[in-house]
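One structure is given here, and the rest of the page talks about it.
Every number here is computed from the coordinates shown, using simple stated rules; none is lab data. Since this is a predicted model, take the numbers as computed values, not measurements. Virtual Cβ from ideal backbone geometry, glycine too; neighbours counted across all protein chains shown.
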Amino acid sequence: MHEITGNIWDHLGQAIVVITTNCTVDRRGRAVMGRGCAGQALTYFPDLTERLGHLLQHQGAQVHDLGNGLVSFPVEETAWSLPDPRLIRQSARQLRELADQRGWSKIIVPRPGCGGGGLEWRHVKPLLKDYFDDRFHIINAHPEQ
């Protein structure tokens, strides 16, 4: 696992880009994607709430290949809950399995739960280390943190 600094969206089209998400679907079947990289993804993929909502409804709360080189990574059960270390570990395992199945060679992952979620990177990093190998690049938009 490598740690890098920069803008996650600069890697779109050059690597698999992971967005941290919650598992909430609204009454219209759309995923709730409010802040952080999930909210930013809507700029690039306006139909993402519908695509992820459909997957959550039919396949459940798990890591999903969203197409276009984008993958979801659940960190919270609901849009209003705090990030859950158990769910982060589960998502890391599922992402590793998906990367192995698909033969992905470069995966860019934001620090799960550390932005708007409020977790400290020093507590989250150990949750990922058993699953993320050299293909995984953990990106931090803020070099001073």
(request) Please return the longest stretch of the chain lacking exposed loop sites, where trypsin sites (Lys or Arg not before Pro) count only if DSSP places them in a loop and at most 12 other Cβ atoms lie within 10 Å. (result) 36-128
(request) Determine ³J(HN,Hα), in whole Hz, for all residues of the range 46-57 in sequence, where each value follows from phi through the Karplus function 6.51 cos²θ - 1.76 cosθ + 1.60 and θ = phi - 60°; x replaces Gly and Pro. (result) x, 8, 4, 4, 6, 4, 5, x, 4, 4, 5, 5
(message) How charged is the neighbourhood of ARG96? Take every other residue with its Cβ under 13 Å from the Cβ of ARG96, and add Lys/Arg as +1 and Asp/Glu as -1.
(response) 0
(message) From Cα pairs below 8 angstrom and at least 6 apart in sequence, can you work out the relative contact order of the chain, rounded to a whole percent?
(response) 34
(request) For a footprinting-style exposure proxy, rank SER81, SER72 by other Cβ within 10 Å, fewest first. (result) SER81, SER72
(message) Can you find, among TYR44, PRO110, LEU70, the residue sitting farthest towards the positive end of the charge dipole of the range 2-140, where Lys and Arg contribute +1 and Asp and Glu -1 at Cβ?
(response) PRO110
(request) Using only Cα atoms, find the angle between the long axis of helix 85-102 and the longest principal axis of the chain, and express it within 0 to 90 degrees, rounded to the nearest 10. (result) 80
(request) Taking the Cβ of ALA61 as the centre, find all other residues whose Cβ is under 11 Å away and add up their charges (Lys, Arg: +1; Asp, Glu: -1). (result) -3
(message) What distance in nm lies between label points placed 7 Å from Cα along the C-beta direction at ASP26 and SER105?
(response) 4.0
(request) Set the Förster radius R0 to 22 Å, insert the Cβ-Cβ distance between GLN14 and LEU42 as r into 1/(1 + (r/R0)^6), and round the FRET efficiency to 0.05. (result) 0.60
(request) In whole Hz, with x marking every Gly and Pro, tabulate ³J(HN,Hα) for the range 72-81 from phi via Karplus 6.51 cos²θ - 1.76 cosθ + 1.60, θ = phi - 60°. (result) 8, 9, x, 10, 9, 5, 10, 5, 10, 9
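Using Cα pairs closer than 8 Å and at least 6 residues apart in sequence, work out the relative contact order for the range 92-145, in percent.
With pairs under 8 Å counted, the relative contact order is 48 percent.
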(message) Take ASP130 and ARG35, extend 7 Å from each Cα along the Cα→Cβ direction, and tell me the distance between the two endpoints in nm.
(response) 3.0
(request) Select one label from [x] 15.0; [y] 18.2; [z] 21.5: the one whose number is Kirkwood radius over Cα pairs in Å as derived from the coordinates shown. (result) [x]
(message) Taking loop as defined by DSSP and a crowding limit of 14 other beta carbons within 10 Å, which GluC sites (Glu not before Pro) in the range 53-145 fit?
(response) GLU120, GLU144
